[in-house]
Amino acid sequence: MAWRHFSMSAAGRGIFLLAGILSTLLGGISHALPTESDVLSALVSEGVQPSWTQVADTAGRLEASVRVVCENPTAETLGQARAAWRDAYLAWRRAAPFLFGPADKLERRIGRWAVNGVVLDAAVDAPDLAYLLKQTDQRGYAAAEYLLFTPADAAAVTAAGRGAHLRDVTEEITRLTARAKLDWEERFAHEFTSAGDGNPFLLPADALSRVVSELLNIIERMLRDRIGMPSGFFERTAVKPESLEAWRSGNAKEGFQATLDGIRQAVTGGGDASLANLVATKDGLVEARNPALANDITNQINRIEKTIAGLGGDDLRLEAELPKKLSQMKRLYKQLQKLQDQLVEASLVLELDVHGGNAQALPGGSE
């Protein structure tokens, strides 16, 4: 009798366990609790790797199209090269949250804005000034844009030293982005996802700190360089549309959206294993989970996207319309500033160090 009682209890426990498994499979997946390591793996597989693949691929197509227009300067080949530049630039902007590790110095090498056109025009035509073309503010995506979009036609784009410098800077963009992609794949991805083994990250939180630190720096640069300065928010009456990033190609608005796409991927990409879901579910030693903050961050990204869309349609030339768009730019500034504050709060919930260690020093904040 005792044996029969034990057997029935075991069967009951088995049924209960099976029911629990079915419940998890059918309805509990969306409530999974990610670990920090889960989030790191998702960031690499769904963020870093596709982003850097796109950056390297579009850079290669830009270099190839520049080579074609230099060999056969026509309106058609110039149009193709300009389209390739746009694709490469927007891929670069979407990858902004992942400019660390092997890509740590690429922003300074090929992402500097804005190019000094007076110096560049002089240097490409004067051999004794060629040394100036080695400076970072005459290279990278900004220099390629200037060389492709300011001349009137393909013959002017490819003339003498201009074509040579265009080939040089696009080759460098291809080489450096391909190297960053390869370094991520062959070395840093493993180091990043295995954070906690002490090489180079003592804890998974140290790797996550790099991500959040980069997000904060991206937003700070947008506030200061890409919105505040062109819109004159730091000087009462000054409006400087020529300071807008990618204004010569008419891609300033698209650049905002691409950067936001990258931020969204870094924060909410990965489903259950997203950074936002970690904020919503992780209890630390000091701080508690904060699902309301995670939801607020997601909603704030959506608000920013609507504001960017409200700047204008596909035919928008923001540099020309900027004086009429100051209220929208002010709204965008404030919304990004709020997102920055929310991400700082998220770093506290996750008990991250976004100022020390491998994180870059953050500027002192926005107006």
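The values are calculated or read from the model by the stated rules, or taken from the named source; none is laboratory data. None of these values were measured; they are calculated from a predicted model. Backbone-built Cβ (ideal geometry, glycine too); neighbour counts: all protein chains shown. Note: areas computed on protein heavy atoms with side chains; ligands, DNA, RNA excluded. Shrake-Rupley method; radii C 1.70, N 1.55, O 1.52, S 1.80 Å.
For segment 128-156, a residue qualifies if it is farther than 19 Å from Asn72 by Cα, of a type in the set (Gly, Ala, Ser) and over 22 Å from the mean Cα position of the chain (by Cα), and exactly one does: Ala130. For segment 228-251, enumerate the residues that are surrounded by fewer than 23 Cβ atoms within 10 Å (Cβ to Cβ) and either over 21 Å from Pro323 (Cα atoms) or aliphatic (A, V, I, L, M) (or both). Passing the criteria: Met229, Ala238, Val239. Checking Leu62, Leu33, Leu78, Leu22 one by one, the residue that is modelled with pLDDT under 95 and farther than 30 Å from Val212 by Cα is Leu22 and no other. Candidates are the residues of segment 290-349 that are charged (D, E, K, R) and in a loop (DSSP other than H, G, I, E, B); the one that is least open to solvent (accessible area, probe 1.4 Å) is Lys325. Which one of the conditions (1) part of a loop (DSSP other than H, G, I, E, B); (2) open to solvent by 10 Å² or more (accessible area, probe 1.4 Å); (3) not β-branched (Val, Ile, Thr) does Phe201 fail to meet, given that it meets all the rest? Among (1) part of a loop (DSSP other than H, G, I, E, B); (2) open to solvent by 10 Å² or more (accessible area, probe 1.4 Å); (3) not β-branched (Val, Ile, Thr), the lone unmet condition for Phe201 is (2).
Can you find a residue that is in contact (Cβ under 8 Å) with a residue 24 or more places away in the chain, hydroxyl-bearing (Ser, Thr, Tyr) and under 28 Å from Asp353 (Cα atoms) anywhere in segment 199-214? The answer is yes, given that some residue of segment 199-214 is in contact (Cβ under 8 Å) with a residue 24 or more places away in the chain, hydroxyl-bearing (Ser, Thr, Tyr) and under 28 Å from Asp353 (Cα atoms).
In the set Ser37, Ser45, Ser51, only one residue is under 30 Å from Ala288 (Cα atoms), within 18 Å of the chain's Cα centre (by Cα) and either among the polar types (S, T, N, Q) or open to solvent by 60 Å² or more (accessible area, probe 1.4 Å) (or both); that residue is Ser45. Open to solvent by 40 Å² or more (accessible area, probe 1.4 Å), in contact (Cβ under 8 Å) with a residue 40 or more places away in the chain and within 28 Å of Ala252 (Cβ to Cβ): is that true of Asp153 in this structure? Yes, satisfied. Residues in segment 256-274 that are assigned to a helix (DSSP H, G or I), within 16 Å of Leu43 (Cβ to Cβ) and open to solvent by 10 Å² or more (accessible area, probe 1.4 Å): Asp261, Arg264, Gln265, Thr268, Gly271, Asp272, Ala273.
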